[in-house]
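The values are calculated or read from the model by the stated rules, or taken from the named source; none is laboratory data. The structure presented is a predicted model; accordingly, all values stated were derived computationally and were not measured. Note: ideal-geometry Cβ built from the backbone for every residue, glycine included; neighbour counts use all protein chains shown. Accessible surface is based on the protein model in full, side chains and every heavy atom, while ligands, DNA and RNA are left aside. Shrake-Rupley method; radii C 1.70, N 1.55, O 1.52, S 1.80 Å.
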Amino acid sequence: MKLVFAGTPEVAVPALDALIASERHEVAAVVTRPDAPAGRGRRLVASPVAERAEEAGIEVLKPARPRDEDFLARLREIAPDCCPVVAYGALLPKIALDVPARGWVNLHFSLLPAWRGAAPVQHSVMAGDEVTGASTFLIEEGLDSGPVYGVLTEEVRPTDTSGDLLTRLAFAGAGLLAATMDGIEDGTLHAVPQPAEGVTLAPKITVEDAQVQWSAPALRVDRVVRGCTPAPGAWTLFRGERLKLVQAVPVLDRTDLTPGELSAGKNNVYVGTGSHAVELLWVQPQGKKPMRAADWARGVRIAHGELLGL
């Protein structure tokens with residue numbers, strides 16, 4: 001099939017690579033979000049998908065909105081058979097969905113209908129799921145509600161951050177998307193409607209969502225820290241300033257600390273929760289680079305009974 005691939009961040013690059021490598025399909029063009037400011041200089045930078053497509057000599061389309069008439073005209077000129085999508089980052093209007101004969105097929109990083117929305121992997125980790133996965137489905141106008149072509153499953157490991165899990169799903173999902181294109185092309189794969197039961201939503205995680213509540217149980221604190229790593233980053237307050245929590249682990253045998261209470265030794269920093277304590281391993285003070293929590297504690301000289309979160 002002739003394909004137009006839509007995607008933006010680094011997590012979409014493995015799927016683009018898999019389709020470029022396919023001997024059965026031609027990636028005629030790539031659609032991605034416009035260049036965005038990045039770094040301290042805030043200069044405009046192309047998306048990872050745009051950079052990869054340019055390296056491969058593939059035409060790159062960067063519409064401000066996917067309903068822009070010049071973009072739609074070029075899409076009609078290319079006349080793709082199908083448009084595979086991975087984390088494109090904009091809603092596709094019906095006028096665009098109607099262009100390819102076999103539709104737009106999205107690789108979504110959950111087992112649909114669970115975790116429909118922008119942040120399925122983060123929500124899966126924060127909810128304590130033991131198994132998640134990826135799904136390919138035909139895009140409709142609803143939110144991730146279209147019929148499903150294929151799925152794969154992936155174990156959520158006890159120490160996984162959302163970044164760890166998303167990386168594994170990106171590479172496994174690349175193979176799933178390529179196989180879905182093959183099945184659509186040869187007629188062996190047909191989309192099946194999603195069940196009405198089991199729908200959960202995964203909206204974008206906000207900075208407010210990432211604030212740790214020390215009155216919660218230690219396992220909840222652990223999941224929030226892992227689920228918000230690397231972005232937007234779990235955080236708390238210390239002496240009125242934000243302290244990012246990069247890595248923390250529950251300590252089941254310590255229950256002597258009240259929620260938010262700090263206890264710092266020579267090589268360890270513990271914080272009380274609504275159940276047992278957690279040990280802080282890595283933190284990032286405001287305006288500084290990540291550091292070992294024990295080094296941070298020595299530098300700030302934690303007082304007896306001092307609290308996080310107030």
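Observations on the structure shown:
- Here is the list for the stretch 142-239: GluC sites (Glu not before Pro) lying in DSSP coil, each with at most 13 other C-beta atoms within 10 angstrom of its C-beta, are GLU197, GLU208.
- When the Cα positions of THR258, THR229, ALA50 are compared along the charge dipole of the chain, THR258 comes out farthest toward the positive end, with charges on each C-beta of Lys, Arg, Asp and Glu.
- Distance from the stretch 257-288 to the stretch 185-233 (C-alpha centre basis), Å: 25
- Label-to-label distance, nm, for residues given as ALA64 and GLU10 (7 Å Cα→Cβ offset): 3.0
- Computed over the chain with a Gaussian network model linking Cα atoms closer than 10 Å, the most mobile of VAL199, VAL121, VAL13 is VAL199.
- The charge dipole of the stretch 120-227, taken about its Cα centre with unit charges on the Cβ atoms of Lys, Arg (+1), Asp and Glu (-1) only, comes to about 420 debye.
- Rounded to the nearest 20, the size of the Cβ-charge dipole of the stretch 194-293 about its Cα centre is 480 debye, with Lys and Arg at +1 and Asp and Glu at -1.
- The residue among VAL13, PHE71, GLY39 whose Cα reaches farthest toward the positive pole of the charge dipole of the stretch 1-94, with charges on the beta-carbon of Lys, Arg, Asp and Glu, is GLY39.
- Prolate/oblate/rounded label for the stretch 270-310 (Cα gyration tensor, a/c 1.5): prolate
- A Förster radius of 25 Å combined with the Cβ-Cβ distance from GLU130 to ASP253 puts the calculated FRET efficiency at roughly 0.55.
- Once the Cα gyration tensor of the stretch 10-127 is diagonalised, semi-axes √(5λ) in Å: 22, 20, 16
- Taking LYS2, LYS288, LYS204, LYS94 and ordering them by how much accessible surface each has at a 1.4 Å probe, largest first, produces LYS204, LYS288, LYS94, LYS2.
- Cross-link table LYS62/LYS244; LYS62/LYS288; LYS266/LYS289; LYS62/LYS289, entries beyond 26 Å C-alpha to C-alpha: LYS62/LYS244; LYS62/LYS288; LYS62/LYS289
- The residue list LEU152, SER124, GLN284 was ranked by how far each Cα lies along the charge dipole of the chain toward its positive end, using unit charges on Cβ atoms, and GLN284 comes out on top.
- Fluctuation leader among ARG223, ARG33, ARG168 - the chain, Gaussian network, Cα springs under 10 angstrom: ARG168
- Only helical runs count toward this figure. For the chain, summing -39,500 (n - 2.57) over DSSP H runs of n ≥ 4 and dividing by all residues gives -8000 deg cm²/dmol at 222 nm.
- Within a Gaussian network of the chain (alpha carbon springs, distance under 10 Å), most fluctuating of VAL249, VAL225, VAL86: VAL249
- Using a probe of 1.4 angstrom and keeping all protein chains present, the accessible surface of the stretch 106-145 works out to 33 square angstrom per residue.
- The charge dipole of the chain, taken about its Cα centre with unit charges on the Cβ of Lys, Arg, Asp and Glu (plus for the first two, minus for the last two), comes to roughly 1380 debye.
- Counting only Cα atoms, the chain measures 70, 46, 30 Å along its principal axes, largest extent leading.
- The listed residues TYR270, TYR88 rank as TYR270, TYR88 when sorted by accessible area, largest first, using a 1.4 Å probe.
- Order of exposure, largest accessible area first, which applies to TRP115, TRP104 with probe 1.4 Å: TRP115, TRP104
- Portion, in percent, of the accessible area of the chain that falls on carbon or sulfur, probe 1.4 Å: 53
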